[in-house]
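The values are calculated or read from the model by the stated rules, or taken from the named source; none is laboratory data. The structure displayed is predicted, hence computed values, not measured ones. Note that we place each Cβ from the backbone using ideal geometry, even for glycine, and neighbour counts take in every protein chain shown. To get the accessible areas, we keep the full protein, side chains included, count just its heavy atoms, and leave off ligands, DNA and RNA. Shrake-Rupley method; radii C 1.70, N 1.55, O 1.52, S 1.80 Å.
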Amino acid sequence: MARRRKEEAQETRERILDAAIDVFHKRGVSRPSLTEVAELAGVTRGAVYGHFQNKADLFSAVADRVKLPDESLCQVPLDGGCDPLRELRQRWIFLYKEVATNEEWQRIFEIILMRCEKVAELAEIQQRCSDGHCEGATRLRILLEAAIRAGQLPADLDVDCAVPIIHGSLIGLLQDWLMNPAAYDLAEVGARQADAMLEMLRTSPHMMKNKQSVEEV
């Protein structure tokens, strides 16, 4: 009996999350109330609060159904035998392939990247996204530094410059594709983007700490 109640509670929670994705995707995050989510899920408002403290908690659970871009990137075991750049490329491309083929991932990324309005009442939600960004940047930094130690990247690579460029490129392509998914094959273009970015890290003098500026040349 206890197991059945637990299963029913989990089913209710997942139904609420499904409804939240629908509501947030159609109307954004700031405008709809939890009552709208409850009605679509076929439960009471109290049932929603039985599983989630508030809208920020619900949003966080929605985001946890996938890994945010920063969280998907660079989750690698940095042991002595790892290949940092290979892991980076594989996970980068995996993310694009998954977004391109998984409708739920598409909708959640649209919510995170395009439906999350910057308003005061969403401060907790924005903090959730900011925390993911910072964590991802830290992981990416660790991975790039490991690649330098492994001799895969130049010793004088400016990691402080490389991290935001890589992150911005990843997020930018996701947003561009989500605006018009029929425009191109995200996985194919994403693979070429990943290779171009890695080539840039290896060879571009503008990515090095001791680069000369255009004015100095």
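Give the accessible area for Met114 in Å² (nearest 10); use a 1.4 Å probe, count only protein heavy atoms, and leave out ligands, DNA and RNA.
The value for Met114 is about 60 Å².
With a 1.4 Å probe and every protein chain left in place, tell me how much accessible area Asp22 has, in Å² to the nearest 10.
Taking all protein chains as shown, Asp22 has close to 40 Å².
Trypsin sites (Lys or Arg not before Pro) within region 82-176: which are DSSP loop residues with at most 14 other Cβ atoms inside 10 Å?
Those that pass, being in a loop and sparsely packed, are Lys118.
Report the gain in length on full extension from Ala155 to Leu178: 0.36 nm times residue separation, minus Cα-Cα distance, nm rounded to one decimal.
The span from Ala155 to Leu178 would gain 4.7 nm if fully extended.
Apply the Debye scattering formula to region 125-217, with a single equal point scatterer on each alpha-carbon and no solvent, then give log10 I(q)/I(0) at q = 0.13, 0.26 Å⁻¹.
Per q value, in the given order, log10 I(q)/I(0) is -0.56, -1.28.
What full-extension length gain, to one decimal in nm, is calculated for Glu199 and Glu124 as 0.36 nm per residue of separation minus the Cα-Cα distance?
23.2 nm
Along each of its three principal axes, how wide is the spread of alpha-carbon positions in region 123-168, in whole angstrom units, largest first?
Between the extreme Cα coordinates on each principal axis of region 123-168 lie 41, 15, 11 Å.
For Pro181, what is the net charge nearby, where nearby means another residue's Cβ is under 11 Å from its Cβ and Lys, Arg count +1, Asp, Glu -1?
-4
Run the accessible area of region 114-196 with a 1.4 Å probe and give the carbon-and-sulfur part as a rounded percent.
In region 114-196, the share of accessible area belonging to carbon and sulfur is 55 percent.
Taking the Cβ of Leu40 as the center, what net charge do the other residues with Cβ under 15 Å away carry, scoring Lys and Arg +1 and Asp and Glu -1?
Here the count lands on +3.
From the protein chains alone at 1.4 Å, what is the descending order of accessible area for Thr12, Thr35, Thr203, Thr101, largest first?
Thr101, Thr203, Thr35, Thr12
Heavy-atom accessible area per residue, the chain, 1.4 Å probe: how many Å²?
53 Å²
Just from the alpha-carbon atoms, what are the Rg and Dmax of the chain in angstroms?
Using the Cα atoms of the chain, the pair Rg, Dmax is 20.5, 77 Å.
Suppose accessible area is computed on protein heavy atoms with a 1.4 Å probe; arrange Glu8, Glu199 from highest to lowest.
Glu199, Glu8
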